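Right, one structure below, let's go through it.
The values are calculated or read from the model by the stated rules, or taken from the named source; none is laboratory data. Just so it is clear, the structure is predicted and the values come from calculations on it, not from any experiment. Note that we place each Cβ from the backbone using ideal geometry, even for glycine, and neighbour counts take in every protein chain shown. SASA here: full protein model, heavy atoms, side chains in, ligands and nucleic acids out. Shrake-Rupley method; radii C 1.70, N 1.55, O 1.52, S 1.80 Å.
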Amino acid sequence: MTAKRYPLMLCRHCDAKAVINMRQHKLALCGPHYVDWVHKQTARFIDEYGMFAPEDRVLVAVSGGKDSLALWDILLALGYPADGLYIGLGIGWGIGHNPDDDTGESEGQGYSDTSYGYIQDFVQARGGDQTLHVVDVAEEFGATIPAAARVTNRGREKPCSLCGLTKRHIMNRVARDGGYDVLATGHNLDDEAAVLLGNTLQWSVDYLARQGPVMPPSHPGLARKVKPLFRFYEREMAAYAIVRGIDYIYEECPFATGATTARYKDMLNNLELSSPGIKLQFYLRFLKAKKVNNLFENAHRTLDLLTCPTCGQPTTNPGECTFCRTWDRVRDRLAPSRT
Amino acid sequence: MPQPADNPSAVTLTYRRETFTARPGMTVRKAVEQIGLNPESVLAVRDGQLITDEVVLESGDRVKLVATISGG
Ligand code: SF4
Ligand SMILES: [Zn+2]
Ligand SMILES: [Zn+2]
(Lines give C-alpha, C1' and ligand atoms only; values in the text may rest on other atoms or scores of the structure.)
(Ligands and ions follow the chains in the order given, each with its own letter.)
Protein backbone atom coordinates (compact mmCIF):
# COMPACT_ATOMS: atom_id res chain seq x y z
CA MET A 1 0.00 0.00 0.00
CA THR A 2 1.44 3.35 -0.92
CA ALA A 3 0.33 6.60 0.62
CA LYS A 4 -1.65 8.65 -1.84
CA ARG A 5 0.19 11.89 -2.59
CA TYR A 6 -1.89 14.99 -2.25
CA PRO A 7 -0.76 18.16 -3.95
CA LEU A 8 0.45 20.71 -1.42
CA MET A 9 -1.98 23.50 -0.87
CA LEU A 10 -0.45 26.75 -2.07
CA CYS A 11 -1.11 30.40 -1.30
CA ARG A 12 -3.47 32.04 -3.76
CA HIS A 13 -1.18 35.03 -4.13
CA CYS A 14 2.39 33.74 -4.21
CA ASP A 15 2.68 29.95 -4.59
CA ALA A 16 4.28 29.57 -1.17
CA LYS A 17 2.94 26.81 1.05
CA ALA A 18 -0.42 27.82 2.55
CA VAL A 19 -0.68 27.96 6.35
CA ILE A 20 -4.44 28.26 6.40
CA ASN A 21 -7.28 27.17 4.18
CA MET A 22 -10.57 28.96 4.74
CA ARG A 23 -13.20 26.79 3.13
CA GLN A 24 -15.98 29.31 3.60
CA HIS A 25 -14.02 31.78 1.47
CA LYS A 26 -12.40 29.15 -0.80
CA LEU A 27 -9.16 30.88 0.11
CA ALA A 28 -5.78 29.44 1.11
CA LEU A 29 -2.94 31.80 2.08
CA CYS A 30 0.68 31.74 3.22
CA GLY A 31 1.68 33.41 6.50
CA PRO A 32 2.53 36.92 5.22
CA HIS A 33 -0.44 37.06 2.87
CA TYR A 34 -2.73 35.81 5.61
CA VAL A 35 -1.64 38.60 7.98
CA ASP A 36 -2.14 41.10 5.20
CA TRP A 37 -5.60 39.70 4.43
CA VAL A 38 -6.67 39.90 8.10
CA HIS A 39 -5.53 43.52 8.32
CA LYS A 40 -7.33 44.55 5.15
CA GLN A 41 -10.50 42.71 6.09
CA THR A 42 -10.58 44.32 9.52
CA ALA A 43 -10.09 47.79 8.04
CA ARG A 44 -12.93 47.05 5.63
CA PHE A 45 -15.31 45.90 8.39
CA ILE A 46 -14.50 48.92 10.55
CA ASP A 47 -15.37 51.15 7.64
CA GLU A 48 -18.32 49.20 6.23
CA TYR A 49 -20.11 48.97 9.57
CA GLY A 50 -19.22 52.51 10.61
CA MET A 51 -17.39 51.37 13.74
CA PHE A 52 -14.98 54.28 14.14
CA ALA A 53 -12.96 56.82 12.18
CA PRO A 54 -9.14 56.96 11.87
CA GLU A 55 -8.93 59.88 14.29
CA ASP A 56 -11.09 58.22 16.96
CA ARG A 57 -9.59 57.14 20.26
CA VAL A 58 -10.09 53.40 20.70
CA LEU A 59 -9.94 51.43 23.93
CA VAL A 60 -9.43 47.67 23.50
CA ALA A 61 -10.61 45.39 26.28
CA VAL A 62 -7.82 42.80 26.59
CA SER A 63 -8.18 39.57 28.52
CA GLY A 64 -4.92 37.84 27.59
CA GLY A 65 -6.79 35.51 25.23
CA LYS A 66 -6.07 35.19 21.52
CA ASP A 67 -8.94 37.31 20.23
CA SER A 68 -8.41 40.46 22.26
CA LEU A 69 -4.62 40.40 21.81
CA ALA A 70 -5.04 39.78 18.08
CA LEU A 71 -7.46 42.71 17.92
CA TRP A 72 -5.04 45.04 19.68
CA ASP A 73 -2.23 43.88 17.38
CA ILE A 74 -4.35 44.42 14.25
CA LEU A 75 -5.51 47.91 15.29
CA LEU A 76 -1.93 48.96 16.07
CA ALA A 77 -0.77 47.55 12.72
CA LEU A 78 -3.52 49.51 10.98
CA GLY A 79 -2.22 52.67 12.62
CA TYR A 80 -4.93 53.26 15.21
CA PRO A 81 -3.42 54.59 18.43
CA ALA A 82 -5.43 52.01 20.38
CA ASP A 83 -4.97 51.71 24.15
CA GLY A 84 -5.65 48.59 26.21
CA LEU A 85 -7.74 47.89 29.29
CA TYR A 86 -7.07 44.89 31.49
CA ILE A 87 -9.40 44.03 34.36
CA GLY A 88 -7.82 41.90 37.10
CA LEU A 89 -10.58 39.62 38.33
CA GLY A 90 -8.50 37.73 40.91
CA ILE A 91 -9.44 34.32 39.54
CA GLY A 92 -7.24 31.37 40.48
CA TRP A 93 -6.91 28.05 38.68
CA GLY A 94 -9.89 26.48 40.37
CA ILE A 95 -10.25 23.55 42.67
CA GLY A 96 -8.07 20.65 41.73
CA HIS A 97 -5.52 22.60 39.72
CA ASN A 98 -3.34 23.37 42.69
CA PRO A 99 -3.36 20.62 45.32
CA ASP A 100 -2.53 23.12 48.08
CA ASP A 101 -5.57 25.19 47.34
CA ASP A 102 -9.02 24.07 48.41
CA THR A 103 -10.74 27.40 47.93
CA GLY A 104 -10.31 27.56 44.18
CA GLU A 105 -8.60 30.90 44.33
CA SER A 106 -4.81 30.60 44.72
CA GLU A 107 -4.52 34.35 44.50
CA GLY A 108 -1.23 35.52 43.14
CA GLN A 109 -0.58 32.64 40.81
CA GLY A 110 -3.78 31.77 39.02
CA TYR A 111 -5.69 32.32 35.83
CA SER A 112 -5.87 36.09 36.18
CA ASP A 113 -2.16 36.57 36.86
CA THR A 114 -1.19 34.33 33.98
CA SER A 115 -3.48 36.30 31.67
CA TYR A 116 -1.96 39.58 32.84
CA GLY A 117 1.53 38.17 32.19
CA TYR A 118 0.70 37.57 28.53
CA ILE A 119 -0.60 41.12 28.18
CA GLN A 120 2.55 42.56 29.74
CA ASP A 121 4.66 40.48 27.34
CA PHE A 122 2.59 41.76 24.43
CA VAL A 123 3.13 45.38 25.44
CA GLN A 124 6.84 44.85 26.07
CA ALA A 125 7.32 43.18 22.69
CA ARG A 126 5.93 46.32 21.07
CA GLY A 127 8.34 48.65 22.77
CA GLY A 128 6.27 49.18 25.88
CA ASP A 129 4.83 52.54 24.90
CA GLN A 130 1.24 51.44 24.46
CA THR A 131 -1.03 52.67 27.22
CA LEU A 132 -2.47 49.82 29.24
CA HIS A 133 -5.08 50.71 31.82
CA VAL A 134 -5.20 48.16 34.61
CA VAL A 135 -8.10 47.92 37.03
CA ASP A 136 -7.68 45.42 39.82
CA VAL A 137 -11.12 44.50 41.13
CA ALA A 138 -9.94 43.46 44.60
CA GLU A 139 -7.87 46.61 45.06
CA GLU A 140 -10.59 48.90 43.85
CA PHE A 141 -13.77 47.31 45.16
CA GLY A 142 -12.57 45.26 48.12
CA ALA A 143 -12.76 41.64 46.98
CA THR A 144 -11.81 39.36 44.10
CA ILE A 145 -14.61 38.18 41.83
CA PRO A 146 -14.73 34.64 43.33
CA ALA A 147 -14.66 35.98 46.90
CA ALA A 148 -17.39 38.53 46.17
CA ALA A 149 -19.51 35.94 44.38
CA ARG A 150 -19.33 33.64 47.39
CA VAL A 151 -20.97 36.21 49.63
CA THR A 152 -23.58 37.36 47.13
CA ASN A 153 -24.66 34.14 45.49
CA ARG A 154 -26.30 31.25 47.16
CA GLY A 155 -23.94 28.31 47.61
CA ARG A 156 -21.05 27.99 45.21
CA GLU A 157 -22.72 29.21 42.08
CA LYS A 158 -20.61 30.44 39.22
CA PRO A 159 -19.42 34.00 39.61
CA CYS A 160 -20.13 34.77 35.93
CA SER A 161 -23.09 37.11 36.39
CA LEU A 162 -21.24 39.22 38.96
CA CYS A 163 -18.12 39.05 36.79
CA GLY A 164 -20.01 40.25 33.71
CA LEU A 165 -21.74 43.04 35.62
CA THR A 166 -18.40 44.22 37.04
CA LYS A 167 -16.52 44.06 33.75
CA ARG A 168 -19.25 46.02 31.93
CA HIS A 169 -19.21 48.69 34.60
CA ILE A 170 -15.42 49.08 34.53
CA MET A 171 -15.22 49.13 30.72
CA ASN A 172 -17.83 51.86 30.50
CA ARG A 173 -16.18 53.87 33.24
CA VAL A 174 -12.64 53.70 31.87
CA ALA A 175 -13.85 54.47 28.34
CA ARG A 176 -15.86 57.46 29.54
CA ASP A 177 -13.32 58.84 32.01
CA GLY A 178 -10.47 58.38 29.55
CA GLY A 179 -12.32 60.28 26.82
CA TYR A 180 -12.36 57.29 24.43
CA ASP A 181 -14.71 57.43 21.46
CA VAL A 182 -15.20 53.72 21.33
CA LEU A 183 -14.66 50.49 23.26
CA ALA A 184 -13.57 47.55 21.09
CA THR A 185 -13.88 43.92 22.16
CA GLY A 186 -12.42 40.81 20.55
CA HIS A 187 -15.68 38.92 19.88
CA ASN A 188 -15.34 36.72 16.81
CA LEU A 189 -17.90 35.12 14.51
CA ASP A 190 -18.08 31.94 16.60
CA ASP A 191 -18.85 33.99 19.72
CA GLU A 192 -21.54 35.96 17.93
CA ALA A 193 -23.08 32.97 16.14
CA ALA A 194 -23.20 30.98 19.39
CA VAL A 195 -25.00 33.83 21.16
CA LEU A 196 -27.34 34.17 18.20
CA LEU A 197 -28.11 30.46 18.32
CA GLY A 198 -28.85 30.71 22.05
CA ASN A 199 -31.03 33.78 21.61
CA THR A 200 -32.89 32.13 18.73
CA LEU A 201 -33.50 28.87 20.60
CA GLN A 202 -35.06 30.98 23.36
CA TRP A 203 -36.62 33.52 20.98
CA SER A 204 -35.23 36.23 23.24
CA VAL A 205 -36.52 39.02 21.04
CA ASP A 206 -35.14 41.88 23.07
CA TYR A 207 -31.64 40.38 22.97
CA LEU A 208 -32.03 39.63 19.27
CA ALA A 209 -33.08 43.24 18.70
CA ARG A 210 -29.89 44.48 20.36
CA GLN A 211 -27.34 41.93 19.10
CA GLY A 212 -24.93 43.27 16.52
CA PRO A 213 -21.34 44.34 15.83
CA VAL A 214 -21.96 47.98 16.79
CA MET A 215 -23.79 49.08 19.92
CA PRO A 216 -24.43 52.80 20.12
CA PRO A 217 -24.66 54.07 23.70
CA SER A 218 -28.21 54.38 25.00
CA HIS A 219 -27.13 56.57 27.93
CA PRO A 220 -24.36 59.14 28.47
CA GLY A 221 -22.74 56.85 31.06
CA LEU A 222 -22.19 54.13 28.47
CA ALA A 223 -19.48 53.72 25.87
CA ARG A 224 -20.04 53.03 22.19
CA LYS A 225 -19.14 49.35 21.73
CA VAL A 226 -17.82 47.67 18.60
CA LYS A 227 -16.61 44.20 17.61
CA PRO A 228 -14.18 44.61 14.70
CA LEU A 229 -13.42 40.84 14.52
CA PHE A 230 -17.03 39.73 14.29
CA ARG A 231 -16.67 38.29 10.78
CA PHE A 232 -13.57 36.19 11.49
CA TYR A 233 -13.92 32.58 12.59
CA GLU A 234 -12.40 31.78 15.95
CA ARG A 235 -10.08 29.39 14.13
CA GLU A 236 -8.83 32.29 12.01
CA MET A 237 -8.00 34.38 15.06
CA ALA A 238 -6.09 31.50 16.65
CA ALA A 239 -4.21 31.13 13.36
CA TYR A 240 -3.48 34.86 13.29
CA ALA A 241 -2.05 34.74 16.82
CA ILE A 242 0.17 31.77 15.91
CA VAL A 243 1.41 33.32 12.66
CA ARG A 244 2.13 36.65 14.40
CA GLY A 245 3.86 34.92 17.29
CA ILE A 246 1.44 36.32 19.85
CA ASP A 247 1.51 34.24 23.03
CA TYR A 248 -1.86 34.08 24.70
CA ILE A 249 -3.54 32.28 27.55
CA TYR A 250 -4.60 28.93 26.17
CA GLU A 251 -6.36 27.70 29.28
CA GLU A 252 -9.92 28.70 29.97
CA CYS A 253 -11.13 30.54 33.01
CA PRO A 254 -11.85 27.69 35.45
CA PHE A 255 -15.44 28.89 35.71
CA ALA A 256 -16.01 28.58 31.96
CA THR A 257 -16.04 24.79 31.93
CA GLY A 258 -19.19 23.27 30.54
CA ALA A 259 -20.36 26.65 29.36
CA THR A 260 -23.34 26.59 27.05
CA THR A 261 -21.50 28.84 24.61
CA ALA A 262 -18.84 26.18 24.03
CA ARG A 263 -21.53 23.59 23.31
CA TYR A 264 -23.23 25.84 20.78
CA LYS A 265 -19.89 26.54 19.13
CA ASP A 266 -19.29 22.80 18.80
CA MET A 267 -22.70 22.30 17.24
CA LEU A 268 -22.10 25.08 14.75
CA ASN A 269 -18.70 23.65 13.85
CA ASN A 270 -20.29 20.27 13.19
CA LEU A 271 -22.60 21.97 10.72
CA GLU A 272 -19.67 23.89 9.28
CA LEU A 273 -17.87 20.64 8.53
CA SER A 274 -20.48 19.53 6.01
CA SER A 275 -21.58 23.02 4.93
CA PRO A 276 -18.62 25.40 4.89
CA GLY A 277 -19.78 28.96 5.46
CA ILE A 278 -23.04 28.11 7.21
CA LYS A 279 -21.93 29.78 10.45
CA LEU A 280 -21.11 33.01 8.67
CA GLN A 281 -24.37 32.93 6.68
CA PHE A 282 -26.38 32.33 9.85
CA TYR A 283 -25.02 35.50 11.38
CA LEU A 284 -24.80 37.75 8.33
CA ARG A 285 -28.33 36.92 7.19
CA PHE A 286 -29.58 37.73 10.67
CA LEU A 287 -27.97 41.17 10.41
CA LYS A 288 -29.43 41.62 6.94
CA ALA A 289 -32.92 40.60 8.04
CA LYS A 290 -32.72 43.20 10.78
CA LYS A 291 -31.47 45.93 8.49
CA VAL A 292 -33.41 45.23 5.33
CA ASN A 293 -36.57 43.58 6.65
CA ASN A 294 -36.70 45.42 9.96
CA LEU A 295 -36.85 42.11 11.79
CA PHE A 296 -37.29 42.60 15.56
CA GLU A 297 -37.83 46.32 15.01
CA ASN A 298 -40.85 46.31 17.33
CA ALA A 299 -38.94 44.47 20.02
CA HIS A 300 -36.78 47.52 20.72
CA ARG A 301 -37.93 48.47 24.16
CA THR A 302 -37.24 52.09 24.84
CA LEU A 303 -36.52 51.81 28.52
CA ASP A 304 -36.49 55.01 30.47
CA LEU A 305 -32.94 54.92 31.70
CA LEU A 306 -32.22 56.76 34.92
CA THR A 307 -28.77 57.72 36.18
CA CYS A 308 -27.18 56.07 39.19
CA PRO A 309 -26.38 58.86 41.71
CA THR A 310 -23.20 57.06 42.83
CA CYS A 311 -21.48 56.04 39.59
CA GLY A 312 -23.33 57.88 36.84
CA GLN A 313 -24.10 54.76 34.85
CA PRO A 314 -27.64 53.91 33.78
CA THR A 315 -30.20 52.05 35.84
CA THR A 316 -33.83 51.20 35.21
CA ASN A 317 -34.88 51.81 38.81
CA PRO A 318 -34.55 54.98 40.88
CA GLY A 319 -31.56 54.97 43.25
CA GLU A 320 -28.30 53.10 42.94
CA CYS A 321 -27.62 50.76 40.00
CA THR A 322 -27.24 46.99 40.35
CA PHE A 323 -23.45 47.26 40.25
CA CYS A 324 -23.26 49.74 43.13
CA ARG A 325 -25.85 47.93 45.23
CA THR A 326 -24.18 44.54 44.70
CA TRP A 327 -20.71 45.73 45.66
CA ASP A 328 -22.07 47.64 48.70
CA ARG A 329 -23.56 44.37 49.86
CA VAL A 330 -20.29 42.51 49.25
CA ARG A 331 -18.34 45.02 51.34
CA ASP A 332 -20.95 44.91 54.11
CA ARG A 333 -20.79 41.16 54.30
CA LEU A 334 -17.02 41.00 54.16
CA ALA A 335 -16.42 43.80 56.66
CA PRO A 336 -15.13 42.55 60.01
CA SER A 337 -18.10 42.76 62.37
CA ARG A 338 -17.80 45.68 64.76
CA THR A 339 -17.93 45.05 68.50
CA MET B 1 7.09 2.77 1.51
CA PRO B 2 4.64 0.51 3.36
CA GLN B 3 4.48 1.19 7.09
CA PRO B 4 2.92 -1.14 9.63
CA ALA B 5 0.46 0.67 11.91
CA ASP B 6 2.60 0.22 15.03
CA ASN B 7 5.79 1.52 13.48
CA PRO B 8 7.96 3.30 16.06
CA SER B 9 8.46 6.15 13.63
CA ALA B 10 4.78 6.92 13.72
CA VAL B 11 3.44 10.47 13.77
CA THR B 12 2.90 11.94 17.24
CA LEU B 13 0.04 14.31 17.83
CA THR B 14 -0.57 16.21 21.04
CA TYR B 15 -3.83 17.80 22.04
CA ARG B 16 -4.17 19.58 25.39
CA ARG B 17 -2.35 17.18 27.71
CA GLU B 18 -2.87 14.03 25.66
CA THR B 19 -0.63 12.33 23.13
CA PHE B 20 -1.83 10.27 20.16
CA THR B 21 -0.08 8.46 17.34
CA ALA B 22 -1.03 8.23 13.71
CA ARG B 23 0.23 6.38 10.68
CA PRO B 24 2.60 8.25 8.37
CA GLY B 25 1.04 8.90 4.99
CA MET B 26 -2.18 10.08 6.55
CA THR B 27 -3.41 13.65 6.09
CA VAL B 28 -3.71 15.99 9.05
CA ARG B 29 -7.46 16.00 8.54
CA LYS B 30 -7.70 12.20 8.68
CA ALA B 31 -5.49 12.04 11.77
CA VAL B 32 -7.58 14.69 13.52
CA GLU B 33 -10.79 12.84 12.69
CA GLN B 34 -9.31 9.58 13.88
CA ILE B 35 -8.64 11.13 17.30
CA GLY B 36 -12.29 12.14 17.37
CA LEU B 37 -11.76 15.87 16.99
CA ASN B 38 -13.53 18.19 14.59
CA PRO B 39 -11.06 19.56 11.99
CA GLU B 40 -12.98 22.85 12.15
CA SER B 41 -12.13 23.21 15.84
CA VAL B 42 -8.36 22.67 15.80
CA LEU B 43 -5.25 23.97 14.09
CA ALA B 44 -2.19 21.87 13.42
CA VAL B 45 1.30 23.17 14.15
CA ARG B 46 4.43 21.31 13.03
CA ASP B 47 7.90 22.66 13.90
CA GLY B 48 6.30 25.91 15.00
CA GLN B 49 4.58 26.35 11.63
CA LEU B 50 0.87 26.18 10.95
CA ILE B 51 0.02 23.48 8.43
CA THR B 52 -3.17 22.91 6.47
CA ASP B 53 -5.44 19.87 6.68
CA GLU B 54 -4.28 18.44 3.40
CA VAL B 55 -0.66 18.04 4.47
CA VAL B 56 0.43 14.42 4.45
CA LEU B 57 2.16 13.47 7.70
CA GLU B 58 5.55 11.85 7.53
CA SER B 59 7.17 9.41 9.90
CA GLY B 60 8.65 11.10 12.95
CA ASP B 61 6.47 14.20 12.58
CA ARG B 62 5.39 15.84 15.82
CA VAL B 63 2.21 17.80 15.47
CA LYS B 64 0.64 20.01 18.07
CA LEU B 65 -3.11 20.39 17.76
CA VAL B 66 -4.33 23.74 19.06
CA ALA B 67 -7.95 23.94 20.21
CA THR B 68 -9.54 27.04 18.73
CA ILE B 69 -12.83 27.11 20.61
CA SER B 70 -13.17 28.92 23.90
CA GLY B 71 -16.21 28.92 26.05
CA GLY B 72 -16.07 32.15 28.07
S1 SF4 C 1 -16.02 32.40 32.79
FE2 SF4 C 1 -17.27 33.58 34.23
S3 SF4 C 1 -15.89 34.07 35.88
FE4 SF4 C 1 -14.60 33.42 34.19
S5 SF4 C 1 -14.04 35.35 33.16
FE6 SF4 C 1 -15.86 34.54 32.14
S7 SF4 C 1 -17.58 35.55 33.17
FE8 SF4 C 1 -15.77 35.82 34.49
ZN1 LIG D 1 1.46 34.13 -0.22
ZN1 LIG E 1 -23.94 52.84 40.17
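Summary table
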{"read-out": "Interchain or long-range residues, amide H under 5 Å from B:GLU58's placed H", "value": "B:GLY25"}
{"read-out": "In the B-A interface, the accessible area buried, summed over both sides, Å² (probe 1.4 Å)", "value": "2800"}
{"read-out": "J(HN,Hα) series, the range A:138-145, from Karplus relation 6.51 cos²θ - 1.76 cosθ + 1.60, nearest Hz, glycine and proline x", "value": "5, 5, 7, 10, x, 7, 6, 4"}
{"read-out": "Listed residues A:PHE141, A:THR315, A:ASN269: farthest to the positive end of the dipole of the protein assembly as shown (Cβ charges)", "value": "A:ASN269"}
{"read-out": "Helical contribution to [θ] at 222 nm, DSSP H n ≥ 4, -39,500 (n - 2.57), averaged over chain A, rounded to 500", "value": "-14000 deg cm²/dmol"}
{"read-out": "Two-site label geometry, A:THR316 and B:SER59: point separation in nm, points 7 Å out along Cα→Cβ", "value": "6.7"}
{"read-out": "Filtered trypsin sites (Lys or Arg not before Pro), the range A:253-331: DSSP coil and at most 12 other beta carbons within 10 Å", "value": "A:ARG301"}
{"read-out": "Antiparallel %, DSSP beta bridges [both residues in the protein assembly as shown], to 5", "value": "55"}
{"read-out": "Sequence-distant lysines (8 or more away, or on other chains) whose Cα lies within less than 18 Å of A:LYS66", "value": "A:LYS227, A:LYS265, B:LYS64"}
{"read-out": "List of the range B:52-72 residues, accessible area with partners at least 40 Å² below that of the chain alone (1.4 Å probe)", "value": "B:THR52, B:GLU54, B:VAL56, B:VAL66, B:THR68, B:ILE69, B:SER70, B:GLY71"}
{"read-out": "Only Lys, Arg (+1) and Asp, Glu (-1) charged, at Cβ; the range B:11-67 dipole about Cα centre in debye", "value": "200"}
{"read-out": "Neighbour-limited loop hits for GluC sites (Glu not before Pro), the range A:249-317 (at most 12 other Cβ within 10 Å; DSSP other than H, G, I, E, B)", "value": "none"}
{"read-out": "Calculated diffusion of chain A, Stokes-Einstein form, Kirkwood radius summed over Cα pairs, 25 °C and 0.890 mPa s, µm²/s", "value": "112"}
{"read-out": "Cα-centre dipole for chain A with unit charges at Cβ (Lys and Arg positive, Asp and Glu negative), debye to 20", "value": "1320"}
{"read-out": "Positive-end residue of B:SER41, B:THR14, B:GLY25, charge dipole of the range B:11-67 with Cβ unit charges", "value": "B:THR14"}
